[in-house]
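The values are calculated or read from the model by the stated rules, or taken from the named source; none is laboratory data. The structure displayed is predicted, hence computed values, not measured ones. We place every Cβ from the backbone using ideal geometry, glycine too, and count neighbours over all the protein chains shown. Protein only, heavy atoms only, side chains kept; ligands, DNA and RNA dropped before computing areas. Shrake-Rupley method; radii C 1.70, N 1.55, O 1.52, S 1.80 Å.
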Amino acid sequence: MWITIGEHRFKASLINAPAAREFSDMLPFTLIMGDLNNNEKHALLPKSISTDEHYPKRIHNGDLMLWGNQTIVVFYKDFDTPYPYTRIGYIEDPSQLQQVLEQNNVSVIFSKN
C-alpha cells in the first residue's frame, strides 16, 4: 500500500486482520486529514469497518490505527497512550513523516500502488 502526501510517497504494510482487509478493499481514496495533539493526523473513512481494539500503551511514528470504527489515524511521533485502537498497519520508513505531516491539514492519498 502507498500513502502519498504532496510530493512524498510512503510505502505502508497492512497487518493480516479483518479491519486491514476492509480498509484495503476501499482503496484508493483521498482524505483531508486534520491534526490532533501535534502527533497524529485523522479523518473519517468513507464507511465503518470492523474493529479489534486493544490498548497499545505506546504509539510509534508511522503507526496506522483505527479509532472507533471509522476514523483512520496516521501517527507521526512516538508517545505513550491510554487509549484503545484497532491496528491497521504501519509505514515502513517513517523517517520523513513528521516533517511532512506537521502542517495543519493535509491531503493524503491512500492507494494500492
Check: Leaving out same-chain residues fewer than 8 places away, which aspartates and glutamates sit with a Cα under 17 Å from that of Lys77?
Finding: Asp35, Glu40, Asp63, Glu92, Asp93, Glu102
Check: Working out 0.36 nm times the residue gap between Lys57 and Asp93, then minus their Cα-Cα distance, what length gain in nm do you get to one decimal?
Finding: 10.8 nm
Checklist line | Dipole moment magnitude, nearest 20 debye, the chain about Cα centre, only Lys, Arg, Asp, Glu C-beta charged | finding: 180 debye
Next item on the list: Have a look at Gln98, Ala19, Thr81 and report the one farthest towards the positive end of the charge dipole of the chain, computed about the Cα centre with Cβ charges (Lys/Arg +1, Asp/Glu -1).
Entry: Ala19
Margin query: Leaving out ligands, DNA and RNA, and with a 1.4 Å probe, what % of the accessible surface on segment 17-89 is carbon or sulfur?
Written below: 50 percent
Item checked: Helical contribution to [θ] at 222 nm, DSSP H n ≥ 4, -39,500 (n - 2.57), averaged over the chain, rounded to 500 -> -3000 deg cm²/dmol
Next item on the list: Give me the percent of DSSP beta bridges within segment 38-107 that run antiparallel, rounded to the nearest 5.
Entry: 100 percent
Note to self: Could you give the length gained by full extension between Asn104 and Asn38, i.e. 0.36 nm per residue of separation minus their alpha carbon distance, to one decimal place?
What the structure shows: 22.8 nm
